[in-house]
Amino acid sequence: MSRPAFSDLAVAGVRSLKPYVPGKPVEELERQYGVTNAIKLASNENPLGASPKALAAIHDNLTQLERYPDDGAYTLKNLLAKQHGVRPEQITLGNGSSNLLELAARVFVAPEHEVVFAQYSFLLYPIIVQAIGATSVVVAAKNFGHDLDAMCAAINANTKLVFIANPNNPTGTWLTRTALEKFFDNVPPHVMIVMDEAYFEFGKALGLDDYADAMVWLDKYPNVIVTRTFSKAYGLAGIRAGYAVSHPEVASLLSRVRAPFNVNSLALVAAQAALGDHAHLSNTQDVNKKGLAQLTRGLTQRGFTVIPSAANFVCVDVKTNAAQVYEGLLREGVIVRPVAGLAQHLRITVGRPEENARVIAALCKVTRHD
Ligand SMILES: *Cc1c(COP(=O)(O)O)cnc(C)c1O
């Protein structure tokens, strides 16, 4: 009997799935384009690197790798609980916070359900929904950000989950505490709201008016799940650690579907140490605040339009075909990120001052703007 094509055997959602496209690694660019000294401002990574305390903790634990990690993550959960004023039973750890976004969908969403999220938001949301075979309801953006009234109107009896990235990736927009509270008041209690706060720490440091911290809503709105990560402000993207804070019953459901030992032992100790490294976090926030200002001013002065950002990147209108500019920048040894659905925008991660200056200069050269 002849073998059927494996893609015909895959479930429908997976068959038509297009994989998540990560930012191009520096080594790949240097190999493909024959350039040296390339810089990557494409994946919102921390330009200062990981906390030295996290690196030391990893080093100190290298002799224990024959052992399984502490699956209950006692120490890290207690540290996080203390930091956020919640109980350890409210915390679920993940292999990066993207793991938790997926677990939330697996717990609450079946193929007959709908998941609501915004246009120009995190590209992983539609992938997660489609893999389950459920329906994505993409709500048109307003000023490149979430239109909460329209998102509320898109909720119906089949809606099980809403994903909100705040600050939003890839546009950098943010929602105020007042606007979100009004939204939560109007969302029916059968709908889970995942507040994806991967960039929380960056916006927090900017002193923005009415800036939202979703942790404060967990008691009042038990259908809220907050996700945070060690990948961005804590500089640990490579080790994969993130967490969700939720109602304890929700945390227990999330734990049922996670793989055992989904956070490795080095990630646990690195995250613990990073949480205690206040100097590295505040340095990161400070460098980001200055870098955001440098990029925004530099790009605006040269005639580009920058969407105001509360994160560690800017989304910039390059006023011409962004795919061509992206290619031109690669040839200059600068990796940025195209933005799905926005043909004239590029997303640029805030780097160190000299990296920011280099991307501004390269962008001018490639677009012949001076
Ligand atoms: C980077 C990012 C995440 C988290 O990524 P992990 O590395 O898996 O923690 C989550 N949401 C958004 C919007 C992001 O940009």
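The values are calculated or read from the model by the stated rules, or taken from the named source; none is laboratory data. Bear in mind that the values here come from a model prediction, so they are computed numbers and not experimental data. When we count neighbours, we look across all protein chains shown, and the Cβ atoms used for this are built from the backbone with ideal geometry, even at glycine. Surface accessibility is based on the protein's heavy atoms, side chains included, excluding ligands, DNA and RNA. Shrake-Rupley method; radii C 1.70, N 1.55, O 1.52, S 1.80 Å.
Go through (1) within 20 Å of residue 177 (Cβ to Cβ); (2) part of a helix (DSSP H, G or I) and name the single condition residue 208 misses.
(2)
Take the residues in the stretch 214-227 that are open to solvent by 10 Å² or more (accessible area, probe 1.4 Å) and outside any loop (DSSP other than H, G, I, E, B), then tell me which one is farthest from the ligand (Cβ to nearest atom).
Filtering the stretch 214-227 for residues that are open to solvent by 10 Å² or more (accessible area, probe 1.4 Å) and outside any loop (DSSP other than H, G, I, E, B), the one farthest from the ligand (Cβ to nearest atom) comes out as 216.
Could you tell me which of the residues 342, 292, 299 is under 26 Å from residue 204 (Cα atoms) and within 21 Å of the chain's Cα centre (by Cα)?
Numbers: 342 fails: under 26 Å from residue 204 (Cα atoms); 299 fails: within 21 Å of the chain's Cα centre (by Cα).
Matching residue, one of 342, 292, 299: 292.
Yes or no, residue by residue, for (1) at pLDDT 95 or above; (2) outside the structural domain of residue 355 (by TED's automatic domain parsing); (3) surrounded by 13 or more Cβ atoms within 10 Å (Cβ to Cβ):
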position	(1), (2), (3)
31	no, no, no
34	no, no, no
37	no, no, no
63	no, yes, no
68	yes, yes, no
72	yes, yes, no
75	yes, yes, yes
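For the condition within 15 Å of the ligand (Cβ to nearest atom) and surrounded by fewer than 17 Cβ atoms within 10 Å (Cβ to Cβ), what is the one hit in 238, 172, 203? Full working, then the answer.
On the way: 172 fails: surrounded by fewer than 17 Cβ atoms within 10 Å (Cβ to Cβ); 203 fails: surrounded by fewer than 17 Cβ atoms within 10 Å (Cβ to Cβ).
When all the criteria are applied, what remains is 238.
All but one of (1) in a loop (DSSP other than H, G, I, E, B); (2) more than 16 Å from the ligand (Cβ to nearest atom); (3) open to solvent by 70 Å² or more (accessible area, probe 1.4 Å) hold for residue 45, so report the exception by its number.
Here residue 45 meets the rest and fails (2).
Yes/no per residue for (1) surrounded by 15 or more Cβ atoms within 10 Å (Cβ to Cβ); (2) in a helix (DSSP H, G or I):
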| position | (1), (2) |
| --- | --- |
| 249 | no, yes |
| 267 | yes, yes |
| 280 | yes, yes |
| 296 | yes, yes |
| 303 | no, no |
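Can you go through 285, 294 and tell me which one is farther than 24 Å from residue 143 by Cβ and in contact (Cβ under 8 Å) with a residue 60 or more places away in the chain? Give the steps one after another, and end with the answer.
Numbers: 294 fails: farther than 24 Å from residue 143 by Cβ.
Matching residue, one of 285, 294: 285.
Filter the stretch 81-102 down to the residues that are open to solvent by less than 10 Å² (accessible area, probe 1.4 Å), part of a helix (DSSP H, G or I) and away from the ligand (no atom under 12 Å from the Cβ) and list them by number.
Let us first name the residues in the stretch 81-102 that are open to solvent by less than 10 Å² (accessible area, probe 1.4 Å), namely 81, 91-92, 94, 96, 100-101.
Imposing the further condition that a residue be part of a helix (DSSP H, G or I) reduces the set to 81, 100-101.
Within the stretch 81-102, 81 is the sole residue that qualifies.
When the stretch 1-29 is examined, which residues are found to be open to solvent by less than 70 Å² (accessible area, probe 1.4 Å), within 28 Å of residue 237 (Cα to Cα) and part of a loop (DSSP other than H, G, I, E, B)?
Of everything in the stretch 1-29, those that are open to solvent by less than 70 Å² (accessible area, probe 1.4 Å), within 28 Å of residue 237 (Cα to Cα) and part of a loop (DSSP other than H, G, I, E, B) turn out to be 17, 23, 24, 25.
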